[in-house]
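Everything below concerns the one structure shown next.
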Amino acid sequence: MTNPQVDDAAIDDAAAEAFFAEFGDAARQLPPVAIVMAAFNEQDVIGQVIEALPATICDLKTAVVVVSDGSQDKTGGAAKTHGALVCDVPVNRGQGAALRLGYRLARDGGATYIVTTDADGQYNPAEMERILAPVVAGEADFVTGSRKLGSQETNDPVRRLGTWVFAVTISMLTHHHITDSTFGLRAMRAEVTGAVRLEQPQYQSSELLIGVLTHGFRVREVPATIHKRQVGKSKKGHNAIYGLHYAGVVVGTWWRERQRRVPGSGSAGLPVAGRLPGDRSAVLPAQAGEPASPAPDPVDANGSGATGSAGPASSAGAASSAGADGTTVAPRSAKRT
């Protein structure tokens, strides 16, 4: 029988090799900030989303990395036309698998920070400054937006209830106060994505969040906005099915991390020989026989706003958009090459 984990790794390896072969130095020498997006059949909207992305965030240049997850339309071509570096994966595996690959491409390309957003245009790119600022300032390792602290346009009572239930559940399991576990607009130090175990093909937002919390990384939530989807249909499916699968990922990830005794939880990490089969996370310094780094500061997930933000991004002669906090962000169309 074919081992799905081996096949998954082979797909990642082949896609990454093709990506770097196609884009060369542009992919191997990324600017400090990589904006990573997973996309599946989003040809009608992805161009608009990319054009609205900022050319700089916190005064740092950005590049857009799109993982087209087995799209059957012209998603990849549309993204390339609008300036993105596109990794085409021949099979549709899910947002989690696509983002995991995107994180790898960003790390291997030398990006210092990773910002994630969705390809459907539901998140406000002007809020990326607020999301990334605490990471750049050294106040957090991982920052996620929160609709609970900010705002949301959806009136679906089931989705609203689900967001609250999952946030409360994760807060109870991890002993860290979380208000929104499913928000897709996030920022992090690039190496964080290689230090946690990511194996979920879908419903990955909770896996990553629980992973960074249990590893002892500093986590912060900041107010952010989620808009209604304007084009196309959601890939999440029926509320009940989505909720059941998401709940399974939450509990399964928590139990897995609890058993692994990860660094930052008060216990030593597994030695290299003791890593679980299929674990593609990066080897931490302590696992590689190097001195362990000092324990990180206590987790900050109390919903306080970002501080230490750099000045507003700008570009000569280009139109700008203003975020909810007054931050001015240059659109991608103003980026100079």
query: Across the range 62-91, what is the total count of residues that are among the basic types (Lys, Arg) and touching a residue at least 24 places away in the same chain (Cβ under 8 Å)?
result: 1
- prompt: Identify, please: which residue in the range 119-163 is basic (Lys, Arg) and within 25 Å of residue 33 (Cα to Cα) and is, among those, surrounded by the fewest Cβ atoms within 10 Å (Cβ to Cβ)?
  reply: 147
- prompt: In the range 183-194, is there at least one residue being touching a residue at least 12 places away in the same chain (Cβ under 8 Å) and more than 13 Å from the chain's Cα centre (by Cα)?
  reply: no
statement: Counting only residues in the range 99-113 that are assigned to a loop (DSSP other than H, G, I, E, B) and at negative phi, the one surrounded by the most Cβ atoms within 10 Å (Cβ to Cβ) is identified as 111
field: So residue 171, is it modelled with pLDDT under 90, in a helix (DSSP H, G or I) and either surrounded by 22 or more Cβ atoms within 10 Å (Cβ to Cβ) or under 14 Å from the mean Cα position of the chain (by Cα) (or both)
entry: no
statement: Within the range 42-72, restricting to residues that are buried (at least 24 other Cβ atoms within 10 Å of the Cβ) and of a type in the set (Asp, Glu), the one that is farthest from the chain's Cα centre (by Cα) is 42
- line: Screening 232, 211, 216 for residues that are at positive phi, modelled with pLDDT of 90 or more and among the small types (Gly, Ala, Ser) leaves only 216
- prompt: Residues in the range 158-165: is at least one part of a helix (DSSP H, G or I), modelled with pLDDT of 90 or more and either of a type in the set (Phe, Trp, Tyr) or closer than 17 Å to residue 113 by Cβ (or both)?
  reply: no
statement: If you go through 116, 75, 81, the only one that is among the polar types (S, T, N, Q), buried (at least 22 other Cβ atoms within 10 Å of the Cβ) and over 24 Å from residue 146 (Cβ atoms) is 75
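The values are calculated or read from the model by the stated rules, or taken from the named source; none is laboratory data. Quick caveat, the model's predicted, so the values are computed rather than measured. Note that each Cβ is placed from the backbone with ideal geometry, even for glycine, and that neighbours are counted across all protein chains shown.
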